[in-house]
Each structure stands twice: as structure tokens, then as C-alpha cells.
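Worksheet for the structure shown next.
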Amino acid sequence: MDTYTQTLFAPGHGRLEDQDNLFTPMRMAFAGIVLYAHALMMVLPWPVMGPWAQMVDFAGQHALNAFFVLSGYMILASLRASRSVLAYAINRVFRVFPLLIVVTLLTMMIVGPALSGIAPLDYLARVESWAYALGVISQAHPTAALPFEASGIEAAQSANAPLWTVRYELIGYAGLGALMLMGALRYQWVLPLALAGVIAGSAIHANTGYAGPHPEGVSAALRFATGFLIGAVLWDWRDRIGFSWALVLAAACAAIATFGTPFHQSFDILATAFLALRVGYLKVPATRIWQRIKAIEDLSYGIYIIHWPVGLMLMVLAGSIGWQPGTTSIAVLMTLVSVALAWPLRVFVERPFQRWGRAVARGRWAVRVTPAPAVEPPPFPRRTQAHQ
């Protein structure tokens with residue numbers, strides 16, 4: 001291998017299983033970027049315009065792409081480490097749905113009455129309220145408005161707008177599990193082939209458009225599938241594809257070069273993936289502050305799914321006292337309240353259900369399905385880092 005090739009493909013992976021990475025702080029940062037983008041939407045008229053708002057939206061969209069890249073990267077590692085596909089599915093259900101259920105019920109019981117002016121007990125006695133909760137939890141209508149909404153707040157058109165991405169996350173989980181169950185993941189070419197198919201589909205979609213049902217859903221599915229599969233491929237091929245700053249730069253140049261073409265979105269997500277994973281495995285100084293940053297509690301899922309209802313409540317309270325909040329003030333308040341709520345949700349909901357999920361998955365009835373071995377199976381830990 002010549003010097004230039006060695007520079008471009010210099011090894012850059014770390015060890016996912018020993019937690020020696022910055023993925024949790026990165027997910028917290030991504031959640032914060034999305035929160036700030038949504039704070040602008042709480043205050044400013046839709047669609048949000050202006051250079052600053054457009055730059056924030058750009059950062060928010062790339063944060064979402066990075067979320068899915070990290071998800072694909074870590075979820076495939078979790079699947080490969082699972083004793084069975086059933087155990088993997090149980091762990092995923094216990095990871096995603098308990099917090100989703102709790103936040104949805106809190107939104108219905110607290111935000112619903114506040115937006116409608118209906119007494120809480122009367123609100124909970126109505127069938128429409130529970131139909132809303134069922135639609136969100138089942139992901140049939142994740143971004144539905146709360147029933148009887150009469151606040152006049154434009155952002156209340158959705159009671160929890162960020163939940164629109166959860167269904168695509170679940171589709172990614174199910175897709176990987178199905179491939180493993182069929183034995184397809186024993187071949188390392190399967191995921192690159194699936195990624196190539198999604199990229200081709202994205203290019204065709206961008207070039208010709210789509211006039212069928214749910215056009216926005218199809219576009220989002222192609223976008224997030226690209227990020228999720230890129231992450232999965234990069235984990236599965238971690239012994240062959242290293243991360244280097246030269247490779248990050250090459251991917252960024254490819255994204256710029258393809259701007260305005262049907263392949264721009266895919267190369268843009270690829271550049272985001274290389275950058276996120278390269279930063280995630282940075283060797284940081286062994287100082288106390290950096291070690292605390294690395295060991296930060298992962299509140300990203302809680303912050304992500306609770307900050308929109310928090311913003312709505314703040315807007316209701318602001319209206320009740322005649323205060324017109326600015327974007328900075330509402331963003332700061334949303335951050336403080338969301339973190340304050342995400343912490344107990346992490347301690348009393350996420351952690352216990354994750355433990356119970358692992359316990360259920362270890363049950364004897366969870367029949368083992370032997371996973372295909374990786375090229376060099378890594379020593380997975382007792383505790384594997386996973387997203388959402």
C-alpha cells in the first residue's frame with residue numbers, strides 16, 4: 001500500500017465495546033442542536049426564514065442524519081452481540097417504548113388540558129384523548145395534534161413533532177433483525193448491496209420525483225435508510241475501512257462536487273458519517289474534565305422526545321402572563337426544563353426498563369439464533385452502547 005493510500009485509509013476506529021469514545025456527548029450535542037432549531041419554530045412564524053434560522057435548520061438536519069448513522073453503527077454491533085434475534089428485539093422494545101409511552105401520557109395529561117382549556121379529569125375522560133395517545137405510541141400518527149386544541153399556538157399543530165423520526169428508527173431495527181433472522185448477514189456483501197440499492201433509489205427519487213402516496217414519508221425513508229445503512233456498513237467493515245481526517249476531507253469534497261445532482265444527499269450523509277465517527281473516536285486528554293465529558297449520562301433520547309411538549313407548555317405559560325418570549329430565552333428555558341425532566345426519566349424509566357429488557361431477553365424461552373460471525377469477532381462487553 002503506497003503512502004497516499006495509507007494516509008487516506010489510516011485506521012481510525014476505536015473500541016465501541018469498552019466505551020472509549022465520545023458518542024454519548026455527541027448524541028447530547030445533536031439533541032441540543034435539534035432542540036434549538038425547534039425553539040425557533042416555537043416563536044417565529046412558519047416557515048422559519050432568515051440566514052440564521054436557515055443555518056440552524058441546516059445543522060439540525062445534519063444532526064438527525066448523524067443520529068441515524070450512529071444508530072446503524074451501534075445497533076448492528078448490538079445485534080451481532082445478541083444471543084438471539086428475539087433477545088435483540090426484546091432489548092429494542094424495552095429501549096424505545098417505555099419512555100415513549102410515559103412521555104406521550106404526560107403530554108396528554110398535562111399539555112392537552114393546558115392547550116384546550118378543558119379540566120384535566122374531563123380531558124382524560126374523553127375517548128379522543130386516548131385515541132391520540134394510542135396513535136402516537138403505535139406510531140400510526142406520531143406527530144398528531146392534541147384533541148380539542150384551542151390555544152392558537154402555531155407549534156401546537158403537532159403535540160410532539162420530533163416523534164416523526166422514531167418510526168424510521170424502528171424500521172431500521174426491524175430491517176436488520178429480519179436480515180439476521182434470514183441468515184443474510186452471514187455474508188458481508190449484503191449490507192453494502194442494500195446500501196447501494198437505497199442510494200440508487202434516492203437518486204431516482206431526486207431525479208424523477210414521486211407522485212404516489214406519502215411522498216414526504218418516502219423521501220424521509222430513503223434519507224434515513226441511507227444514514228442507518230452507512231453506519232451499519234462502517235461497523236461491519238471496521239477492519240477494512242479506517243477513519244482518517246484525509247478520508248473525512250475526501251468525503252466532504254465528494255459531497256460538494258455532487259451538489260445539485262441526484263447523488264448529493266447520499267454523499268452528504270456519507271461525509272457526515274465519516275466526520276461523526278472520526279470525532280467520536282478522538283483521543284481526548286486524560287484530564288478530569290474530559291473524562292467527565294466522556295462519562296456524561298446519556299439523556300439524549302429523553303431530551304429529544306420531551307422538549308417539544310415542554311416548549312408548548314412554556315408558550316402557554318408565556319401567553320398567560322402576557323410575555324412575548326424571544327428565541328434565545330425560549331431555547332434556554334426549553335433546555336433547562338427538558339434536562340431537568342430527562343434526568344428522572346432516565347433514572348426511573350429508561351434504566352429500569354433496559355435492565356428488565358436484558359433480564360427478559362436472557363430467559364430460556366428466548367431461543368438462540370446463531371448470528372453470522374464477523375471477520376474478527378470482537379469481545380463484546382456486558383454493557384453495549386446503543387442509541388435510543
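In the range 233-255, the residues that are in contact (Cβ under 8 Å) with a residue 40 or more places away in the chain and buried (at least 20 other Cβ atoms within 10 Å of the Cβ) reach residues that are part of a loop (DSSP other than H, G, I, E, B) and among the polar types (S, T, N, Q) with C-beta atoms within less than 8 angstrom, at least six apart or across chains, in these pairs: 236/188. Pairing residues of the range 265-279 that are without any contact (Cβ under 8 Å) to a residue 60 or more places away in the chain with residues that are open to solvent by less than 20 Å² (accessible area, probe 1.4 Å) and not in a helix (DSSP H, G or I), at Cβ distances under 8 Å and at least 6 apart in sequence or on separate chains, gives 274/243. Among the residues of the range 84-126, none is identified as of a type in the set (Gly, Ala, Ser), in contact with a Gly (Cβ under 7 Å, 6 or more places away or on another chain) and crowded, with 21+ Cβ neighbours inside 10 Å.
Name the residue that is modelled with the lowest pLDDT, counting only residues in the range 38-58 that are open to solvent by 40 Å² or more (accessible area, probe 1.4 Å) and in contact with a helix residue (DSSP H, G or I) (Cβ under 8 Å, 6 or more places away or on another chain). So, considering only residues that are open to solvent by 40 Å² or more (accessible area, probe 1.4 Å) and in contact with a helix residue (DSSP H, G or I) (Cβ under 8 Å, 6 or more places away or on another chain), the one modelled with the lowest pLDDT is 46. Among the residues of the range 277-293, those identified as touching a helix residue (DSSP H, G or I) at 6+ places or on another chain (Cβ under 7 Å) and within 27 Å of residue 349 (Cβ to Cβ) are 280, 293. Checking each residue in the range 147-163 for being surrounded by 17 or more Cβ atoms within 10 Å (Cβ to Cβ) and in a helix (DSSP H, G or I) picks out 155, 156, 161, 162, 163. Can we say residue 216 is closer than 23 Å to residue 307 by Cβ, in a helix (DSSP H, G or I) and open to solvent by 50 Å² or more (accessible area, probe 1.4 Å)? Yes, satisfied.
Report yes if some residue within the range 179-195 is touching a helix residue (DSSP H, G or I) at 6+ places or on another chain (Cβ under 8 Å), among the polar types (S, T, N, Q) and in a helix (DSSP H, G or I); otherwise report no. Among the residues of the range 179-195, not one is touching a helix residue (DSSP H, G or I) at 6+ places or on another chain (Cβ under 8 Å), among the polar types (S, T, N, Q) and in a helix (DSSP H, G or I), which makes the answer no. Of the residues making up the range 69-83, those that are open to solvent by 10 Å² or more (accessible area, probe 1.4 Å) and either part of a helix (DSSP H, G or I) or of a type in the set (Gly, Ala, Ser) (or both) are 78, 80, 81, 82.
Filtering the range 127-146 to residues that are within 15 Å of residue 107 (Cα to Cα) and open to solvent by 20 Å² or more (accessible area, probe 1.4 Å) leaves 128, 130, 131, 134, 137, 141, 143, 144, 145. Of all residues in the range 298-327, which are of a type in the set (Val, Ile, Thr) and free of Cβ contacts under 8 Å to residues at least 60 places away in the same chain? Within the range 298-327, 310, 321 qualify.
The values are calculated or read from the model by the stated rules, or taken from the named source; none is laboratory data. Since the model is a prediction, treat every value here as computed from it, not as a measurement. A quick note on method: Cβ atoms are made from the backbone with ideal geometry, for glycine too, and the neighbour counts reach across all protein chains shown. Keep in mind that these areas ignore ligands, DNA and RNA; they rest on the heavy atoms of the full protein, side chains included. Shrake-Rupley method; radii C 1.70, N 1.55, O 1.52, S 1.80 Å.
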